[in-house]
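Contents: one structure, followed by commentary.
The values are calculated or read from the model by the stated rules, or taken from the named source; none is laboratory data. Computed from a predicted model, the values in this text were never measured in an experiment. Cβ placement follows ideal geometry from the backbone for every residue including glycine, while neighbour counts extend to all protein chains displayed.
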Amino acid sequence: MTTAAERIQQLRHLLQRASYAYYALDQPIMADEVYDQLYRELQELEAAHPEYITPDSPTQRVGEAPVSQFESVSHRIPLYSLENAFTFADMVAWQERWQRYWRSLRREEPIPPAEYVCELKMDGVALALTYAKGLLVRGATRGDGQRGEDITSNVRTIRTIPLRLALENPPPLVEVRGEAFLPLARFHQLNQERQAQGEAPFANPRNAAAGTLRQLDPRIVAQRQLDFFAYALHLPEGGSVPWGENQAGDPQSQRQVLNALQRLGFRVNPHNADCPDLEAVKAYYDHWQTARHQLPYLTDGIVVKLNDLTLQQTLGFTQKFPRGCIAWKYEPAQAITDVVAITVQVGRTGALTPVAELVPVQLAGTTVSRATLHNADYIAELDLHIGDKVVIHKAGEIIPEIVRVFPELRPSTAQPFTMPTVCPECHQPVVHPANEAVSRCVNPRCPAIVRGQILHWASRDALDIQGLGEKLVQQLVAKALVHTPADLYRLTAAQLLSLERMGQKSADKLLQAIANSKQQPWPRVLYGLGIRHVGSVNAQVLATQFKSVEELAAATVADLCGVYGIGEEIAQAVHEWFQDPAHQTLIADLKALGLQLAIATAPTTGQSLAGKRFVITGTLPTLTREAAKTLIQQHGGQVSESVSRQTDYLVVGEKAGSKLQRAQALGIPCINETELIEMCR
């Protein structure tokens, strides 16, 4: 009969093999449903036998508590930066330099063949990974090349980094170098989520990856879903790893390194190539200069390495760079054009954002006629005038941005720009808060603010009113049919039919969608109000703590700060919002119109869960997550989104995630649906 320890070992082996096939080879050997089932079985066995939990278990990727700071650590082998080349002439000069240096060392020997391996240069964050006897024991940032920061708990959350090397008898020490990055699809998704929550979007995927790895809470890192490509391998003297069929040892070429990394369980960028000379390198560069735009991640050049590692080691290093490698950077996605005007946009919070209107120009495959200028400070820093000739590029190859001005080419007709003192939409005076870089319109009737508020109210995470898009909202506001979200619920079919391209069927459908939105629960309504700094997550937290709009409106800043996850900035914004007479009128209107401004509670239930905090994870057998939340709240309990030391119970269903591991680590009682229902009786 198989013991628990044997079954745990068997499950780990199966799951590690499946992860290796899926992430490193891109050749799944197990259906997702089977993987999930085996993963849950392993979780249950480890929960019952915690003495068998090991650091390399697939269940231990996320589980460490947040740290207060990262420790500085030294690199056994320095992480050097690479010299940059920008033209083919630069590449020829580099080859001539290393060949001259070789001749200075080995005058009697012929110059070795100039054979190269080319790899895409990822636009991410360099990491140094250390494995002791096959187990991941440290992940560190590059830092200054000599010392970096120990971010092991964050590195463990990256699923394309193996916790254990795929070797039966690993060397005592293996060091792997590679690049952590954020895929473009995930970058866009994260920015949509951040904007929906009232947070500033990341500027580009590299900044997002770097900021993510600097998070002190590994749970946040896990949620961001970073990826990783390995490109270098270091073994101690006498170390051996497999790099081919029945071939093992200390790799002697970069090609063998890439093969070995895959056999150890890592992903390497598949778009690498062997190049027998610089002409082949140029062909590789020319291809990816254009083809990179089809990749699901950003690259900013190619890396060219001498394939012969012995030759690389012989050439050694300059004071800054290895002589046997170089980065050939892509031609930047930049263009020169003229600023013909600067216009100002007004957002839903009243923020004024200057935008440069440009002579249209082709840039990275698209026609660009506008570029963001962020705020007045940015314009002053550039010393930008209307009429200037400027260089634009795509920030992170996504958002057009002005990066350089040519003052020496400034025409005599050029005009300096100053931010308006009145709103360009409503012509009311604007304010410039002392602690902000932006100017704001504070007129609640400003058409731009109203349009933004209505679109936010109708958005998917708020009231989710299908069919209420930007063009329709523009008409409703322009015709003065809508001034606040409450006005939506007073619209008639006749009013809608007066709008352009609106037929009877479309009008009826929109009116029904608006009516249906009255059933959206209190947390969604709160998010839809558009209070600054209150995203959908914070709205859920506040609506759980303050079960009606009256409770929330009466809360002091101190009351709000006492809610887990709500800081002083959010508390102040919420408190000030409810003090505004216009907002008080809006709340009264919404209440009279039948919107859900409180969490419905059943009068017959007791308070058996009073004062208890619950977190729900996984899929429950009969209750939906919303139904379970309602049940807990009806009996006096509170529901949070994340596990903390303040959590009293974790309600666990099928496919439980990292919350279960966190709860087990903190010793928090875990209950199932049946036990929850029993507690409510």
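To keep it simple, each residue is scored yes or no on (1) outside the structural domain of ALA18 (by TED's automatic domain parsing); (2) buried (at least 19 other Cβ atoms within 10 Å of the Cβ); (3) in contact (Cβ under 8 Å) with a residue 60 or more places away in the chain.
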{"residue": "THR141", "(1), (2), (3)": "yes, yes, yes"}
{"residue": "GLY148", "(1), (2), (3)": "yes, yes, yes"}
{"residue": "SER153", "(1), (2), (3)": "yes, yes, yes"}
{"residue": "ARG156", "(1), (2), (3)": "yes, yes, yes"}
{"residue": "LEU173", "(1), (2), (3)": "yes, no, yes"}
{"residue": "ALA180", "(1), (2), (3)": "yes, yes, no"}
{"residue": "GLU193", "(1), (2), (3)": "yes, no, no"}
Within the bounds of the range 430-439, is there any residue that is without any contact (Cβ under 8 Å) to a residue 40 or more places away in the chain, surrounded by fewer than 16 Cβ atoms within 10 Å (Cβ to Cβ), in contact with a Ser or Thr (Cβ under 9 Å, 6 or more places away or on another chain) and among the β-branched types (Val, Ile, Thr)? yes
Within the range 621-638, the residues that are surrounded by fewer than 20 Cβ atoms within 10 Å (Cβ to Cβ) and β-branched (Val, Ile, Thr) are THR622, THR624, THR630
Specify which of the listed residues (ARG292, ARG323) is within 24 Å of VAL125 (Cβ to Cβ), surrounded by 14 or more Cβ atoms within 10 Å (Cβ to Cβ), in contact (Cβ under 8 Å) with a residue 40 or more places away in the chain and outside the structural domain of ARG370 (by TED's automatic domain parsing). ARG292
Scan of the range 202-219 for residues that are buried (at least 16 other Cβ atoms within 10 Å of the Cβ) and without any contact (Cβ under 8 Å) to a residue 24 or more places away in the chain, ordered by number: PHE202
Just checking: which of the strands (runs of 3 or more DSSP E) contained wholly in the range 219-263 hold 2 or more residues that are out of contact with any strand residue (DSSP E or B) (no Cβ under 7 Å at 6 or more places or on another chain)? 241-244, 247-249
Per the filter on the range 10-66, residues in a helix (DSSP H, G or I), under 18 Å from LEU163 (Cβ atoms), modelled with pLDDT under 80 and among the aliphatic types (A, V, I, L, M) are ALA18, ALA21, ALA24, LEU38
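Within the range 532-548, does at least one residue satisfy the condition of being outside any loop (DSSP other than H, G, I, E, B), among the charged types (D, E, K, R) and not assigned by TED's automatic domain parsing to the domain that holds LYS655?
The answer is no, given that none of the residues of the range 532-548 is outside any loop (DSSP other than H, G, I, E, B), among the charged types (D, E, K, R) and not assigned by TED's automatic domain parsing to the domain that holds LYS655.
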Helices (runs of 4 or more DSSP H) contained entirely in the range 427-522, each with at least 2 residues that are over 30 Å from GLU626 (Cβ atoms) and either of a type outside the set (Lys, Arg) or at pLDDT below 95 (or both): 447-458, 470-478, 493-497, 504-516
Across the range 333-389, what is the total count of residues that are over 12 Å from VAL438 (Cβ atoms), part of a strand (DSSP E or B) and at pLDDT 90 or above? 19
For a quick check of your reading of the model, give me the residue pairs whose first member lies in the range 470-488 and is in the same structural domain as TRP457 (by TED's automatic domain parsing) and farther than 14 Å from MET502 by Cβ, whose second is of a type in the set (S, T, N, Q) and part of a helix (DSSP H, G or I), with beta-carbon atoms closer than 7 Å and at least 6 apart or on different chains. PRO485/GLN453
Determine, yes or no, whether VAL281 is touching a residue at least 12 places away in the same chain (Cβ under 8 Å), hydrophobic (A, V, I, L, M, F, W, C), in contact with a Cys (Cβ under 8 Å, 6 or more places away or on another chain) and part of a helix (DSSP H, G or I). yes
The one condition in (1) surrounded by fewer than 20 Cβ atoms within 10 Å (Cβ to Cβ); (2) in contact with a helix residue (DSSP H, G or I) (Cβ under 7 Å, 6 or more places away or on another chain); (3) more than 27 Å from TYR489 (Cβ to Cβ) that THR418 fails to fulfil: (2)
Given ALA140, ALA89, ALA132, which one is of a type outside the set (Asp, Glu), more than 12 Å from ILE326 (Cβ to Cβ) and within 27 Å of the chain's Cα centre (by Cα)? ALA140
Could you tell me whether GLN415 is among the polar types (S, T, N, Q), touching a His at 6+ places or on another chain (Cβ under 7 Å) and not assigned by TED's automatic domain parsing to the domain that holds GLU576? yes
For the range 507-554, give me each residue that is farther than 22 Å from ASP487 by Cα, more than 33 Å from the chain's Cα centre (by Cα) and either surrounded by 19 or more Cβ atoms within 10 Å (Cβ to Cβ) or not aliphatic (A, V, I, L, M) (or both). GLU551
Top-ranked residue of the range 559-588 - restricted to ones that are small (Gly, Ala, Ser) and modelled with pLDDT of 90 or more, ranked as nearest to SER644 (Cα to Cα): ALA571
Scan of the range 656-672 for residues that are buried (at least 19 other Cβ atoms within 10 Å of the Cβ) and among the hydrophobic types (A, V, I, L, M, F, W, C), ordered by number: ALA656, LEU660, ALA663, ILE668
Residues that are touching a residue at least 40 places away in the same chain (Cβ under 8 Å), touching a helix residue (DSSP H, G or I) at 6+ places or on another chain (Cβ under 9 Å), under 15 Å from PRO523 (Cα atoms) and in a helix (DSSP H, G or I): does the range 553-569 have at least one? no
Restricted to the range 71-125, and to residues that are more than 30 Å from LEU226 (Cα to Cα) and polar (S, T, N, Q), which residue is modelled with the highest pLDDT? GLN95
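Just give me the residues in the range 99-122 being within 20 Å of LEU261 (Cβ to Cβ) and part of a loop (DSSP other than H, G, I, E, B), in sequence order.
The one that is within 20 Å of LEU261 (Cβ to Cβ) and part of a loop (DSSP other than H, G, I, E, B): GLU115.
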Only one residue in ALA209, ALA180 is touching a strand residue (DSSP E or B) at 6+ places or on another chain (Cβ under 7 Å) and not in a helix (DSSP H, G or I), so which one is that? ALA180
